[in-house]
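**Student:** Take a look at the following structure, please.
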Amino acid sequence: MAQMIANAVSQAGTNFVETIRLFLPRVLTTIAIVLVGWLIAVVLKTVVRWVLGWLRVNAGAERIGLAQMLRTADLPPADILTSRIVFWLVWIGFLLSGVDVLGFVVLQGMVASFILFVPRLLVALGIIVAGLITANFLARHAAHGRQFADALGRGCWPARGAGAGARARRRDGAGPPR
C-alpha cells in the first residue's frame, strides 16, 4: 500500500515536470509575441501620429467642430486619440495571438472573434464621426433659420416624390409587394 502511494506521488511529480517542460516553451513564445507586438504597436502609434500631424488632421477636426467635441468630452486631440486607438487594436491583436499560442481551448476562438470585431468597430467609429460631423453641420447652418429649412425642404422633395410614386405603384399592383 505504501509503495502504491509512493508510486502515485512519484508519477504525479513526473507528470508535473513533464507538463512544465512542454508548457515552458509556449510561455516563452507568448512573452516574445507580446513584447514584439508591443514594440510594433508603439512604432505604429508613432507613425500614425506623425502621418496625421503631417496631414494636419487636428486643423481639419477644428474646422468641422470635432476638436471642440473632443475637448468637451475631455479627450485628447484627434491625432493622439487615433494613434492610441491604433496602438490598442494592434497590441490587443498580439496579446490574443500570444494567448492563442498557449493552447488553452477556451481562449482559442478569441483571435478569430477579435479579427471579425475590428472591422465592425471601425465602421461603428466611422458612423459616429459622420453623425457628429453631420450634427455639427446642421447645427451651424440651422442658425440661419428659415433659409436653411427652405433649402433643406427643397432638397427632400425628390425623395418624397420617389417614395410617393413607389407607394402608388405598389397600391396599383405595378410595384413589388411589401
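**Student:** Does residue 38 satisfy the condition of being farther than 20 Å from residue 122 by Cα, in contact with a helix residue (DSSP H, G or I) (Cβ under 9 Å, 6 or more places away or on another chain) and assigned to a helix (DSSP H, G or I)?
**Tutor:** When the stated conditions are applied, residue 38 passes them.
**Student:** What is the residue count in the range 45-86 for residues that are open to solvent by 70 Å² or more (accessible area, probe 1.4 Å), among the aliphatic types (A, V, I, L, M) and within 20 Å of the chain's Cα centre (by Cα)?
**Tutor:** Residues flagged as open to solvent by 70 Å² or more (accessible area, probe 1.4 Å), among the aliphatic types (A, V, I, L, M) and within 20 Å of the chain's Cα centre (by Cα) within the range 45-86 amount to 2.
**Student:** Give, as residue ranges, the helices (runs of 4 or more DSSP H) completely inside the range 73-178 that count at least 2 residues that are modelled with pLDDT of 85 or more, under 23 Å from residue 57 (Cβ atoms) and among the hydroxyl-bearing types (Ser, Thr, Tyr). Please lay out each step first, then the result.
**Tutor:** Numbers: elements: 78-102, 110-142, 146-171.
Filter on the range 73-178 gives 78-102.
**Student:** Condition first: surrounded by 12 or more Cβ atoms within 10 Å (Cβ to Cβ), free of Cβ contacts under 8 Å to residues at least 60 places away in the same chain and over 23 Å from residue 50 (Cα atoms). Now tell me which residues in the range 87-114 satisfy that.
**Tutor:** 96, 100, 107, 108, 110, 111, 114
**Student:** Another question, if that's okay. Please state which one of 31, 40, 5, 20 is loosely packed, with under 10 Cβ neighbours inside 10 Å and of a type in the set (A, V, I, L, M, F, W, C).
**Tutor:** Going through 31, 40, 5, 20 in turn, just one is loosely packed, with under 10 Cβ neighbours inside 10 Å and of a type in the set (A, V, I, L, M, F, W, C): 5.
The values are calculated or read from the model by the stated rules, or taken from the named source; none is laboratory data. Everything numeric in this text was worked out from a predicted model, so none of it was measured. Glycine gets a Cβ as well: all are built from the backbone with ideal geometry, and neighbour counts include every protein chain shown. Just so you know, the surface numbers come from the protein's heavy atoms only, side chains and all, with ligands and any DNA or RNA stripped out. Shrake-Rupley method; radii C 1.70, N 1.55, O 1.52, S 1.80 Å.
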